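Structure record follows, encoded as structure tokens.
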Amino acid sequence: MSNQDIKAKETTKDSKYIQQHLANERTFLAWLRTAISIIGVGFLVTNLHFTMRATLSPLGDQLAAIIGILSVGVGIVTIIVSAVAYVRKIEAINSQTFRPAVISMVLLGVFVIIISLIFGTYFFII
């Protein structure tokens, strides 16, 4: 048996679509970076707020706490949604039945818009 015959037998479904699987992995990692950024911004706003505590209002305290909690929540939801999408896309790529995840992307977009509005409110009030 030649090397080509051995390599042909070792080919898996995943290896037929290497480019797509690598793109899927890069997308998943990009979502993880986005989630970490969302969480980090929430911590940053909360820490800055409570560092400047003497000059801020009680409403600002509540908004800072909400921003921190929502940022962590949206970050965690982003990680979960991206992990689920990554796993689903593996099978979809192999079976050539890929469909974009419109609902999850719209939901994540809405969450980010909500946090952005709360950030804007916070910075407008303080």
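The values are calculated or read from the model by the stated rules, or taken from the named source; none is laboratory data. Being a predicted model, the structure only gives us computed values, none of them experimental. When we count neighbours, we look across all protein chains shown, and the Cβ atoms used for this are built from the backbone with ideal geometry, even at glycine. Note: areas computed on protein heavy atoms with side chains; ligands, DNA, RNA excluded. Shrake-Rupley method; radii C 1.70, N 1.55, O 1.52, S 1.80 Å.
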Flag if residue 75 is modelled with pLDDT of 90 or more and under 24 Å from residue 24 (Cα atoms): yes
Residue within the range 93-108 that is over 19 Å from the mean Cα position of the chain (by Cα) and surrounded by 17 or more Cβ atoms within 10 Å (Cβ to Cβ) present: yes
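Yes or no, residue by residue, for (1) under 30 Å from residue 124 (Cβ atoms); (2) open to solvent by 50 Å² or more (accessible area, probe 1.4 Å); (3) in contact with a strand residue (DSSP E or B) (Cβ under 9 Å, 6 or more places away or on another chain):
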site	(1), (2), (3)
28	no, no, no
33	yes, yes, no
45	yes, no, no
68	yes, no, no
72	yes, no, no
76	yes, yes, no
82	no, no, no
Scanning the range 17-40 residue by residue, the ones that are in contact (Cβ under 8 Å) with a residue 40 or more places away in the chain and in a helix (DSSP H, G or I) total 11
